[in-house]
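Peer 1: Once you've had a glance at the structure underneath, I'll fire off some questions.
The numbers here are math on the coordinates, done by the rules we state, and not lab data. Because the structure is a prediction, the values reported are computed rather than measured. Every residue, glycine among them, receives a Cβ derived from its backbone with ideal geometry; neighbour counts consider all protein chains shown.
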Amino acid sequence: MNGQRLVSWRNPWFVASVGGTFAVLVFSAFVGFVWLPSAQDDELFKGLLNAICSAAGVPRSWLANASPPVPPSSPVSNVALTPTMLSKPSDASTGRGATLALRCTMCHGARGVSAANTPNLAGQYAPSVYKELRDFQNGARVSAIMAPMVVGLSDQDMRDLAAYYAFLPRLSVKTSHGNAEAPDVVATGAPMRNIAPCASCHGGLTDKVGAPWLNGQPLTYLTSQLNAFATGKRRNDISEQMRNVARQMTPNEIDEAAKYYAAQ
Amino acid sequence: MSSSSAYDPHESAKVAARIEQRWALVVVGIVAVLVAMVIFTGLHWAMMPPSRVETIDPTTLHVSGEFVESNLGSTVEQDGSVTVRLVAQQYSFTPQCIVVPAKTPIIFRATSADVVHGMLITDTNINSMLEPGYISTFKTRFDKPGNHLMPCHEFCGLGHEAMWANVKVVDQDTFFKMAAKTRRLSCVNP
Amino acid sequence: MLTHKRLILAHFWLAFAVFGLAILLGEWQMYIRSPLHAWLRNPDLYYRSVTAHGTVMGYVFPTLIAMGFGYAITELALKQSLIGVKWAWAGFWLIVVGSITAVIPVAMGLSSVLYTFYPPMIGNAFYYIGVVLVVVGSWIWVALMGINMNAWKRANPGRAVPLAMFANVAGSYLWAWTAVGAALELLFQILPAALGWTTTINAGLSRVLFSWTLHAIVYFWLMPAYIAFYTIVPRAIGGRLYSDTMARIAFAMFLVFAMPIGIHHLFADPEVGSGFKFVHSVFTAMVSAPTLLTVFTICASVEIAARLRGGKGAFGWLKALPWDNPQMLALAFSFVMLGFGGAGGLINMSYQLDATIHNTQWITGHFHLIFAGAIVIMYFAIAYDLWPHLTGRAMNDLRLMRTQLWLWFIGMIVLTFPWHYAGILGMPRRMAYYDYSNPGIASQASTVILSVIGGAILVISAMLFITILVRNHRAPRVTPAPFSFSQAVHEPESVPVALNGFGLWVGLMIALTVTNYGYPIAQIITQQHAQVPAIYIGAKR
């Protein structure tokens, strides 16, 4: 084997392996990019160039001439949520939020903790507060009380408010006892009814952007919102993510879940 | 092994190599048959995995375009086929109950709003990944009416175990009667 | 001659220790999601366990086996002392540190992303850093294997590199290249997001890069088993290796075809076009060739052993085999499991049939049968064969060894066959619990219970295995006969230059990576909307 050159057309191993591999490649490319696409009836697979581009994975519009989208009959949330939005607010933003929040104290309390049956906002996730404000403003979430309150707010105002409320310390000092004492619907959900454990979105286990922190919220507020989602009266949850859960819950489960979170 | 009295190692090596070469040909044959089967089904049943690449911004699905809430569900197209649009998100499909007619060409259009999800419909060959940024488009048809489960089959977070939807296949008459009343159908109870 | 027994023993023992722990997690997972246990009230415990089980069994355990066995082969086959022992220890400690770094955030529930990562979900950075350290540690081993082989070749010009070493280096080079995909994903995509430097990630690209690693990693796991097929078993049962050249061709083919086929894991993905899926499907069919060649060569080698022991007849020779020899038993079990697993694999690789079982429990059943079955049972055989040479003590528990291998085989069949069936019924993977009271999935309940039983048998077998190794350390001292690898019927004096090195095969491997992965990767990088928000997991509170 000395003196034998590896890369040489006189080395049969080189010729056979490179030639064989190349042949398999060419054959499979021909079948995959030309022959098999010819069996598809999509317009975008017709013709050689189309077939090759589509089979290669060039992005295209596969349903260009479908019927146009049905527009929503009532306003929907138009907030594009991302998990890192509002995660690092400036001190100035929080400060401006504190000033703006003066108008909210009547219902939501001086430090974001409510004496009435309105939600406690202290320590609420910033994206959740921001999203709800935006939804009140464009009518995706309907509230006779909140609608006039948000009329004049700019986008930055709402970000500032969100930053301020997220900054405030939470009411609940009760440390979580885990899911052990939680009602079944909270701890395990009901998989075949598409009910995930509450804690897999609302903090506790992990959180989902836009889903609020629920611990210590007023019982009547929690119950009324779950019922509103269940009946479809409230529709500002993006792509029905909360209605999908609430409409599957029994009245008893709604009651248990609301009581559990109110007591935390 | 050669049983001749004059054992010739070169001769026996040649015999061994010859048998080996024959087996190598068998191997080539096996591989060729496997590939031929794939090509045959690809050509004659036009079967292809969901591979129609198309992109979309996952953060604004609900704001505009074909995946707005009011456009999800089943739609009858002018050519009589049915388009089903759905969104996967942590931890549900919307609509969470899909209704389709039997014996009708159906195109699924589905995407994810957040992480990687998957969908399969039990007792069928419908199986696709749903990924943020991409629309999965695939064609199918259901042979007969019946109920199927549609779980998410890719780990999508701590609520993954609860991400199950339902698919109801109804006969054509029933479906088109329902379609006459509303433009986007689902079997979700309001 | 083994001069660095401590190094080799350290690798094997760490491997089997983490294996012994991770198998308990596996059985626990099987149990708590079965109808025998109520639903977990914290589903995260299940996902943490899956993450840990997969990370240990997929990344740490087989890597340590390949490394320890590789160091042993270097000394035994080349008959020279290992070059770079300090580096080897450094690699070992990197793996120790990496494993600990990775497992802590997983145990704390900060990184329940499963061992396949699944961006855009992003967990705690330390989990990924730990995995990177494990891979870096193994790359030291790759370099050492190349260095040792080349030193030997310089000292022995014109001579054929011993088959065991040739195969060993093939495995190491395969790993070096296939780990690049996941390394790119971790270093350039996931870690920047996990460390907060970026807030978006290209999830489609991640999936393609991970597929680069995900299939060929199986062949990296498989290499030690195949080395044992070719170079240990025929000798241990008193036979000869049928063909040295065919063995080299098989290992070279693994190097070429194992890697540019990973997109068959993405058949159901929307970011890859159908053309590339088909090309990968064809090359996946090609990778069955080296296995089919191996089956022939090893069966022929076994037949030689039987005939040398007086076996007669077309099939009568099977009776003459040394069935009381654990190596014979392990080989037979491994082949049976490889046969079933391979048949299942042919369905997975088929561009169309895959749709029936993609991402169902079938897949979990499939890779457990291949890896935990056919491959790991050979890891046991390797340990049984090497241990007396490492400890200088007698390996006398033959009965116990046979029992252990039987239990592993039976356990694996009882575990994986129902698992495959559940997949055909459409049971999705990786769910913390299932509502078996639902009529749609009630029929799957009994399959899961069977799998729990299979898992329990495997746990018993694993504990027996560790007991056997521990008992050896206390057995009377002996001087084992010098270690030898299998002799070929026709020992080659020299081999073609192509089969004495890796230039050609590594060249082809890289060329096929470019042709089969180049365009999909380039395209996805530049795609509009491909960057999606990272979704951070773990409670914020």
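Peer 1: Let me know the Kirkwood hydrodynamic radius for the range C:97-201, please, with Cα pairs as the basis and the value in Å to one decimal.
Peer 2: One over the average 1/r among Cα pairs gives 15.6 Å for the range C:97-201.
Peer 1: Quantify how much of the Cα-Cα distance distribution of the range C:476-538 extends past 14 Å, in percent.
Peer 2: 80 percent
Peer 1: Can you tell me the Rg and the Dmax, both Å, for the Cα atoms in chain B?
Peer 2: 25.3, 92
Peer 1: Charges only on Cβ, +1 for Lys and Arg, -1 for Asp and Glu: so what's the dipole of chain C about the Cα centre, in debye to the nearest 20?
Peer 2: For chain C, the charge dipole is close to 1100 debye.
Peer 1: For the range A:184-262, what is the convex hull volume of its Cα atoms per residue in Å³?
Peer 2: Taking the convex hull of the Cα positions in the range A:184-262, it is 82 Å³ per residue.
Peer 1: Rg/Rh for chain C: what does it come to with C-alpha atoms and Rh from Kirkwood?
Peer 2: For chain C, the value is 0.95.
Peer 1: Same structure again: By the scheme Lys and Arg +1, Asp and Glu -1, what is the net charge of all other residues having a beta-carbon under 15 Å from that of residue C:381?
Peer 2: -1
Peer 1: Something else: With just the Cα atoms of the range B:74-115, tell me how far they stretch along each of the three principal axes, in Å, largest first.
Peer 2: Here the spans come out as 33, 15, 12 Å, largest first.
Peer 1: Then there's this: Could you tell me what % of all Cα pairs in the range A:27-145 have separations over 23 Å?
Peer 2: Cα-Cα pairs in the range A:27-145 separated by more than 23 Å: 59 percent.
Peer 1: Write down the percent of antiparallel bridges among all DSSP beta bridges whose residues are both part of the range B:58-181, to the nearest 5.
Peer 2: Just about 65 percent of them are antiparallel.
Peer 1: On to the next question. Could you tell me what percent of the DSSP beta bridges with both partners in chain C are antiparallel, to the nearest 5?
Peer 2: Antiparallel: roughly 60 percent of the beta bridges in chain C.
Peer 1: For the range C:29-118, what mean projected area does the convex hull of the alpha carbons give, in nm²?
Peer 2: So the mean shadow area of the Cα hull is 7.8 nm².
Peer 1: A further question follows. What percent does the relative contact order of the range B:58-181 come to when contacts are Cα pairs within less than 8 Å and at least six residues apart?
Peer 2: Relative contact order of the range B:58-181: 26 percent.
Peer 1: Let me ask you something else. Using a Gaussian network model on chain A with a 10 Å cutoff between Cα atoms, which of A:127, A:89, A:69 fluctuates the most?
Peer 2: A:69
Peer 1: Can you give me the three principal axis dimensions of the range C:213-317 from its C-alpha atoms, in Å, biggest first?
Peer 2: 58, 25, 20
Peer 1: Turning to a different aspect of this structure: Going Cα to Cα from residue A:233, which lysines come in below 25 Å? Please leave out same-chain ones fewer than 8 positions away.
Peer 2: Hits, sequence-local ones excluded: A:131, A:208, A:259, B:181.
Peer 1: Select from A:151, A:245, A:58 the residue whose mean-square fluctuation is largest in a Gaussian network model of chain A (Cα-Cα springs shorter than 10 Å).
Peer 2: A:58
Peer 1: What is the antiparallel percent of DSSP beta bridges lying wholly in the protein assembly as shown, to the nearest 5?
Peer 2: 65 percent
Peer 1: Here is a further query. Where a Cα-Cα gap under 30 Å defines reach, which lysines qualify for residue A:46, not counting those fewer than 8 residues away within the same chain?
Peer 2: Cross-link targets: B:103, B:139, C:277.
Peer 1: Now for a different question. Any aspartates and glutamates with Cα under 20 Å of the residue C:319 Cα? List them, leaving off those in the same chain fewer than 8 positions away.
Peer 2: Reachable aspartates and glutamates: C:303.
Peer 1: Using Cα springs under 10 Å in a Gaussian network model of chain A, which residue among A:152, A:20, A:139 shows the largest mean-square fluctuation?
Peer 2: Highest fluctuation among the options: A:20.
Peer 1: Turning to a different aspect of this structure: Under a 5 Å amide H to amide H cut-off, with H placed in plane at 1.01 Å, what residues pair with residue C:532 once short-range neighbours are removed?
Peer 2: C:201, C:202, C:203
Peer 1: Check the cysteines of the protein assembly as shown one by one and keep only those with no other cysteine Cβ under 4.7 Å from their own.
Peer 2: When partners are defined as cysteine Cβ atoms under 4.7 Å apart, the protein assembly as shown leaves A:53, A:104, A:107, A:198, A:201, B:152, B:156, C:299 without one.
Peer 1: Test of understanding: what is the full-extension gain from residue A:103 to residue A:30, defined as 0.36 nm times their sequence separation minus their Cα-Cα distance?
Peer 2: 19.3 nm
Peer 1: Sticking with this structure for a sec: What percentage of all Cα-Cα pairs in the range A:91-167 are separated by more than 16 Å?
Peer 2: Of the Cα pairs, 44 percent sit more than 16 Å apart.
Peer 1: If you take every residue apart from residue B:57 with its C-beta less than 14 Å away from the C-beta of residue B:57, what net charge results, scoring Lys and Arg +1 and Asp and Glu -1?
Peer 2: -4
Peer 1: Here is a further query. For a quick check: with amide H placed at 1.01 Å from N, whose amide H comes under 5 Å from residue B:130's, ignoring anything fewer than 5 positions away on the same chain?
Peer 2: Result for residue B:130 returns B:117, B:118, B:119.
Peer 1: Still on this structure: Using only C-alpha positions, report the orientation-averaged shadow area of the convex hull of chain A, nm², one decimal.
Peer 2: If you wrap the Cα atoms of chain A in a convex hull and average its projections, you get 25.8 nm².
Peer 1: Which ³J(HN,Hα) values, rounded to whole Hz and listed in residue order, are derived for the range C:245-250 from phi using the Karplus coefficients 6.51, -1.76 and 1.60 in 6.51 cos²θ - 1.76 cosθ + 1.60 with θ = phi - 60°, glycine and proline given as x?
Peer 2: Here the 3J(HN,Hα) series is 5, 4, 4, 4, 4, 4 Hz.
Peer 1: Once you have the Kirkwood Rh of the protein assembly as shown from its Cα pairs, apply Stokes-Einstein at 37 °C and 0.692 mPa s and quote D in µm²/s.
Peer 2: Diffusion coefficient, whole number: 108 µm²/s.
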